[in-house]
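This report refers to the structure that appears directly beneath it.
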Amino acid sequence: MSMWSDKDCTAWQPGRREQLVDQLRQTKTIWDVVIIGGGITGAGILRECVRRGLKALLLEKHDFSYGSSSKSSKMVHGGLRYLASGQLSLTRDSVKERQRLMSEAEGLVDPLRFVMPHYQGQFPPGFLFERVLDVYDLMAGARQHKRYPARDAQYLAPGINPEKLASISQFTDAVTDDSRLVMRVLHEAHMSGAQSLNYCAVKHVLKAHSSYSPKVQGVSQAGGVIAQDMIGNQELEIPARVVINATGAWADELRVAQGEASRMRPLRGSHLVIPGWRFPVGFTVSFFHPHDKRPVFIFPWEGATVIGTTDLDHHQDMRQDASISAGEVSYLLAGVQHQFPGLGLTASDVISTWSGVRPVVSSGALDPSSEKREHSVWDEQGLITVAGGKLTTFRLIALDVLKHAAKYLENENLDLKHSGNSDDKRIFSRVSQGEGLRHLPELQAKRLAGRFGLAACEIAACDDNQLKRISGTPACMAELRWSLDNEMVMHLDDLMLRRSRLGILLPEGGDSVLEQVGQLCRNKLGWSESVWSDEVRRYKAIYRQHFSLPNQKVSSESVMAHDEALEPQI
Ligand SMILES: Cc1cc2nc3c(=O)[nH]c(=O)nc-3n(C[C@H](O)[C@H](O)[C@H](O)COP(=O)(O)OP(=O)(O)OC[C@H]3O[C@@H](n4cnc5c(N)ncnc54)[C@H](O)[C@@H]3O)c2cc1C
């Protein structure tokens with residue numbers, strides 16, 4: 001068995017990153033598949049490759065889930081929107097995947113109840129929406145909706161605008177922590193032999209199947225990629241039979257460099273985070289914004305209340321994280337003010353914000369919200385690009401990509417219905433909630449099992465102090481501790497914004513826990529005082545510029561200067 005195909009459960013332990021980079025530099029192993037982009041799409045493809053015995057490597061320019069896969073609205077939809085537009089088979093597939101994720105990863109993908117008010121004279125009326133929900137629930141095999149009279153609003157959504165309220169529909173979808181979903185899929189892939197690197201940017205794709213393209217030196221029959229390891233600052237030439245571009249909203253960057261026409265239309269969506277005590281909601285409230293009739297959601301997430309989202313052409317610099325604009329803050333607050341007129345919510349109630357860029361394939365539609373959100377796959381002389389889609393359908397997207405990749409692999413007959421696993425229908429390993437988790441409260445045991453899979457018991461074995469909930473969030477320090485040991489944390493923002501969500505859920509980016517987190521980082525990663533100070537400076541600049549309200553932002557020059565230090569010039 002080669003060093004690449006060993007089952008590797010320690011793939012992300014400290015020190016393994018350097019080892020992997022060295023191996024990539026020194027050997028000219030030809031990978032079956034190199035995947036560019038460490039969001040949910042890339043992670044899903046990696047998982048499906050290795051379960052079919054392919055040698056696969058994933059490279060991510062920033063941190064795993066850095067792109068839209070940590071900045072979505074966290075809904076694992078069955079696709080009510082598709083159903084409303086008559087796309088029955090797409091809805092059926094999405095509903096099936098949603099149900100599969102909920103049953104395999106309870107504690108990571110959980111049911112979320114929605115309420116939608118129906119006002120007199122507003123589309124859709126309650127009775128019509130109920131017919132749509134009938135079909136939706138039929139596909140899920142469970143009746144999960146009900147229509148309530150307006151007078152029940154005081155129980156379902158206290159404070160909701162009562163004027164002309166006719167009835168309220170209640171239905172069920174699902175919610176997740178998108179970044180943890182990516183991590184869980186990556187862990188599963190690692191356990192089947194995959195390799196992945198964060199902070200490794202692909203600068204150039206070498207096509208094996210194009211007559212004009214250069215080939216990887218010394219490996220004449222293979223294409224591959226030229227990548228930059230941004231931690232050790234070295235260039236890597238990595239041969240591969242197939243290269244898959246899963247870079248989401250950035251998909252055009254590598255394609256256009258190959259002479260292809262651009263196709264993407266990056267659309268920004270932003271969110272406001274409010275403390276749960278200030279605006280408690282038991283259900284997600286879905287309503288139409290009074291300015292443009294777009295659907296907006298107010299939903300409970302990780303103990304906070306989130307308001308989102310917007311849908312705008314994104315003209316900000318794609319080399320930086322997206323940031324909410326003052327106009328988006330006003331738009332979202334105006335929607336809440338209209339729907340909950342007595343609440344008096346203002347910008348001063350906002351703890352944090354986040355903005356993501358949707359990887360939407362342009363059709364030339366005038367209105368951003370009219371653009372389709374389904375995924376597309378293109379094979380451009382051997383460079384396979386995938387963009388668009390949803391969190392829910394990542395497994396189906398991965399299978400579609402493999403269908404395109406099959407012809408370039410020695411084994412063209414990839415079994416795309418089944419994997420090589422004995423438990424072949426599952427995405428996630430089965431986690432027993434037995435002995436190792438029994439001493440924990442039920443919700444915490446589920447949370448650890450869902451988010452950390454087979455490692456849940458290891459986390460649960462930490463002392464009580466580490467397992468105590470961090471006030472204002474459902475997370476505990478034992479989770480962060482484990483992430484530092486096992487999840488390739490390179491920067492403080494990886495830990496505060498993606499492995500955990502403390503930076504978004506706590507005021508001031510989690511200032512109150514930084515001392516404790518600092519101790520953990522020094523112990524686990526060996527950071528010196530000066531490395532820690534640099535990391536805190538970097539983290540706070542990122543937080544202020546991209547995860548807080550616009551008026552708290554530092555000058556964009558200082559963050560640009562900071563980010564440029566990390567960017568290879570590609
Ligand atoms: C505001 C918003 C709300 C959304 N809400 C939902 C929702 O509620 N439910 C849902 O299902 N979907 C939702 N989506 C859509 C969903 O988030 C995306 O479809 C999904 O995350 C796309 O994943 P991806 O892996 O394709 O892209 P990304 O997650 O963006 O990953 C692409 C990665 O490629 C990396 N990369 C770029 N260039 C390079 C390079 N040269 N080398 C190496 N790596 C590179 C990037 O750093 C990035 O991490 C939402 C999206 C947004 C923006």
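The values are calculated or read from the model by the stated rules, or taken from the named source; none is laboratory data. None of these values were measured; they are calculated from a predicted model. Please note: Cβ atoms are built from the backbone with ideal geometry, for glycine as well, and neighbour counts cover all protein chains shown. These area figures cover heavy atoms from the full protein model, side chains too; ligands, DNA and RNA do not enter into them. Shrake-Rupley method; radii C 1.70, N 1.55, O 1.52, S 1.80 Å.
Counting only residues that are more than 10 Å from the ligand (Cβ to nearest atom) and open to solvent by less than 50 Å² (accessible area, probe 1.4 Å), how many does region 306-320 have? Within region 306-320, residues that are more than 10 Å from the ligand (Cβ to nearest atom) and open to solvent by less than 50 Å² (accessible area, probe 1.4 Å) number 3. Residues considered: ARG501, ARG430, ARG451. Of these, the only one that is surrounded by fewer than 16 Cβ atoms within 10 Å (Cβ to Cβ), in contact with an Asp or Glu (Cβ under 9 Å, 6 or more places away or on another chain) and not aliphatic (A, V, I, L, M) is ARG430. Return a yes/no flag: does region 402-419 have any residue that is farther than 19 Å from ARG51 by Cβ, within 11 Å of the ligand (Cβ to nearest atom) and at pLDDT 70 or above. Looking for residues that are farther than 19 Å from ARG51 by Cβ, within 11 Å of the ligand (Cβ to nearest atom) and at pLDDT 70 or above, one finds none in region 402-419, hence no.
A search for C-beta distances below 6 Å between a residue of region 50-74 that is more than 30 Å from PHE114 (Cα to Cα) and charged (D, E, K, R) and any residue that is near the ligand (Cβ under 6 Å from one of its atoms) and not in a strand (DSSP E or B), counting only pairs 6+ apart in sequence or on different chains, returns GLU60/GLY38.
Each residue in region 489-532 was checked for being free of Cβ contacts under 8 Å to residues at least 60 places away in the same chain and of a type in the set (A, V, I, L, M, F, W, C), and 13 pass.
Restricting region 39-57 to residues that are open to solvent by 10 Å² or more (accessible area, probe 1.4 Å) and out of contact with any helix residue (DSSP H, G or I) (no Cβ under 7 Å at 6 or more places or on another chain) leaves a set whose member that is nearest to ASP229 (Cα to Cα) is LYS55. Out of VAL285, VAL296, VAL281, one residue alone is open to solvent by less than 30 Å² (accessible area, probe 1.4 Å) and out of contact with any helix residue (DSSP H, G or I) (no Cβ under 9 Å at 6 or more places or on another chain). It is VAL281.
Residues that are over 21 Å from ARG17 (Cα atoms), under 19 Å from the mean Cα position of the chain (by Cα) and within 15 Å of the ligand (Cβ to nearest atom) number at least 2 in the following helices (runs of 4 or more DSSP H) confined to region 32-122: 40-50, 88-104.
Name the residue, out of PRO125, PRO149, PRO117, PRO158, that is in contact (Cβ under 8 Å) with a residue 24 or more places away in the chain and open to solvent by 30 Å² or more (accessible area, probe 1.4 Å). Walk me through how you get there before you give the answer.
Numbers: PRO149 fails: in contact (Cβ under 8 Å) with a residue 24 or more places away in the chain; PRO117 fails: open to solvent by 30 Å² or more (accessible area, probe 1.4 Å); PRO158 fails: in contact (Cβ under 8 Å) with a residue 24 or more places away in the chain.
When all the criteria are applied, what remains is PRO125.
Do we find that VAL377 is within 24 Å of SER85 (Cα to Cα), open to solvent by 20 Å² or more (accessible area, probe 1.4 Å) and assigned to a strand (DSSP E or B) in this structure? For VAL377, the condition - within 24 Å of SER85 (Cα to Cα), open to solvent by 20 Å² or more (accessible area, probe 1.4 Å) and assigned to a strand (DSSP E or B) - is met.
Kindly indicate whether ASP110 is charged (D, E, K, R) and without any contact (Cβ under 8 Å) to a residue 24 or more places away in the chain. When the stated conditions are applied, ASP110 does not pass them.
Taking the stated definitions as given, is VAL256 surrounded by 23 or more Cβ atoms within 10 Å (Cβ to Cβ) and either within 15 Å of the ligand (Cβ to nearest atom) or hydrophobic (A, V, I, L, M, F, W, C) (or both)? Break it down stepwise before answering.
Details: surrounded by 23 or more Cβ atoms within 10 Å (Cβ to Cβ): no; either within 15 Å of the ligand (Cβ to nearest atom) or hydrophobic (A, V, I, L, M, F, W, C) (or both): yes.
Answer is no for this residue.
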